[in-house]
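Written out below as structure tokens is the structure these notes cover.
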């Protein structure tokens, strides 16, 4: 069996007449950030809960950290759910100490790590505040620390940047990158496509419970690349061989290529034009949001995705 951090094959899960997950397979490696994407109702949370053994699949096989879920395995996992669940009447420091010891850390080590992480996310001065007194962003950072401070081998983070300003978003990103660099497998479920494009190496796009895109993000973006280039140059051009349409844009040109025309051929034609000097030539990449729309047929939606039966 694969020694991937997560290995799942042919997962199925229904809640009454609702088929939440249909024949879903995925593999997540150590040392990568894996994007789990999908719109409202796609089946992401159901998949995560099956991986964590919170609910059982109707069919399929799941291996986490080399085998079936056990109490020992659970201690090696960090989980940041979209529905936050800290104890509101506990102090921030006490919350971290309690949760860290549940994960197997001794009291002394738990206190050392709690201080280090609280200082790192700028919550040290709030350590004696109750959770209910924290702002949304502060509470978000605290819950992230709770999921990360035992330094798990696998961490699953659902909407990790919700409620964070750009500065604190960057703080959390650096913690995620550090976990990845230390060999942890990170599964990130988010509606923020630009964060996925920046952070993830591979993705799984789920729609109506089934996988519709799965693999290396760079290869997926190349597969959906547009047949358009943007050029900045000195001089004027009225037509270029292999270009179906060109228009002025932002001090340069945007060129739609003929089907079958390679961007390199257009660049060579431009370089050979008299009195023209190419300063920038760039293929227009299709964004992940645009790919999502092409594949699924609508923009990504936010909000609760689970049928009521799944949240019991």
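Residues to consider are 153, 165; find the one that is modelled with pLDDT of 95 or more and more than 16 Å from the chain's Cα centre (by Cα).
Unique residue meeting the criteria: 153.
Go through region 153-173 residue by residue and tally those that are within 13 Å of residue 80 (Cβ to Cβ) and either surrounded by 22 or more Cβ atoms within 10 Å (Cβ to Cβ) or in contact with a helix residue (DSSP H, G or I) (Cβ under 8 Å, 6 or more places away or on another chain) (or both).
Looking only at region 153-173, we keep the residues that are within 13 Å of residue 80 (Cβ to Cβ), and these are 154-164, 172.
Narrowing further to those that are either surrounded by 22 or more Cβ atoms within 10 Å (Cβ to Cβ) or in contact with a helix residue (DSSP H, G or I) (Cβ under 8 Å, 6 or more places away or on another chain) (or both): 154-158, 160-164, 172.
Adding up the residues that qualify gives 11.
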Query - Top-ranked residue in region 54-81 [being out of contact with any helix residue (DSSP H, G or I) (no Cβ under 7 Å at 6 or more places or on another chain) and buried (at least 16 other Cβ atoms within 10 Å of the Cβ); ranked as nearest to residue 7 (Cα to Cα)] - result: 63
Query raised in the report: If you check 24, 37, which single one turns out to be at pLDDT below 95, in contact with a strand residue (DSSP E or B) (Cβ under 7 Å, 6 or more places away or on another chain) and crowded, with 21+ Cβ neighbours inside 10 Å?
Result: 37
Report summary line: Condition set assigned to a helix (DSSP H, G or I), over 14 Å from the mean Cα position of the chain (by Cα) and in contact (Cβ under 8 Å) with a residue 60 or more places away in the chain, scope region 197-227, selection surrounded by the fewest Cβ atoms within 10 Å (Cβ to Cβ): answer is 221
**Report entry** Positions within region 100-109 being surrounded by fewer than 22 Cβ atoms within 10 Å (Cβ to Cβ) and either part of a loop (DSSP other than H, G, I, E, B) or touching a helix residue (DSSP H, G or I) at 6+ places or on another chain (Cβ under 9 Å) (or both), in sequence order
**Finding:** 101, 103, 104, 105, 106, 107, 109
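For residue 11, indicate whether it is farther than 22 Å from residue 200 by Cα and either out of contact with any helix residue (DSSP H, G or I) (no Cβ under 6 Å at 6 or more places or on another chain) or buried (at least 21 other Cβ atoms within 10 Å of the Cβ) (or both). Before the answer, list the steps.
Numbers: farther than 22 Å from residue 200 by Cα: yes; either out of contact with any helix residue (DSSP H, G or I) (no Cβ under 6 Å at 6 or more places or on another chain) or buried (at least 21 other Cβ atoms within 10 Å of the Cβ) (or both): yes.
Considered against the rule, which asks whether it is farther than 22 Å from residue 200 by Cα and either out of contact with any helix residue (DSSP H, G or I) (no Cβ under 6 Å at 6 or more places or on another chain) or buried (at least 21 other Cβ atoms within 10 Å of the Cβ) (or both), residue 11 comes out as yes.
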Query raised in the report: Taking into account only those residues within region 177-196 that are out of contact with any strand residue (DSSP E or B) (no Cβ under 9 Å at 6 or more places or on another chain) and either crowded, with 20+ Cβ neighbours inside 10 Å or modelled with pLDDT under 95 (or both), which is nearest to residue 51 (Cα to Cα)?
Result: 192
Requested in this report: Among what's in region 287-304 and is surrounded by 12 or more Cβ atoms within 10 Å (Cβ to Cβ) and in contact with a strand residue (DSSP E or B) (Cβ under 9 Å, 6 or more places away or on another chain), pick the residue that is modelled with the lowest pLDDT.
Outcome: 300
Query raised in the report: Can we say residue 85 is in a loop (DSSP other than H, G, I, E, B) and farther than 18 Å from residue 212 by Cα?
Result: yes
**Report entry** Identity of the residue in region 46-72, in contact with a strand residue (DSSP E or B) (Cβ under 7 Å, 6 or more places away or on another chain) and part of a helix (DSSP H, G or I), that ends up nearest to residue 212 (Cα to Cα)
**Finding:** 47
Query raised in the report: Quick one: in region 236-264, which of the residues that are closer than 18 Å to residue 222 by Cα and out of contact with any strand residue (DSSP E or B) (no Cβ under 8 Å at 6 or more places or on another chain) is surrounded by the fewest Cβ atoms within 10 Å (Cβ to Cβ)?
Result: 259
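The values are calculated or read from the model by the stated rules, or taken from the named source; none is laboratory data. Note that this is a predicted model, so its numbers are computed, not measured. Cβ coordinates were reconstructed from backbone atoms using ideal geometry, including for glycine residues, and neighbour counts include every protein chain displayed.
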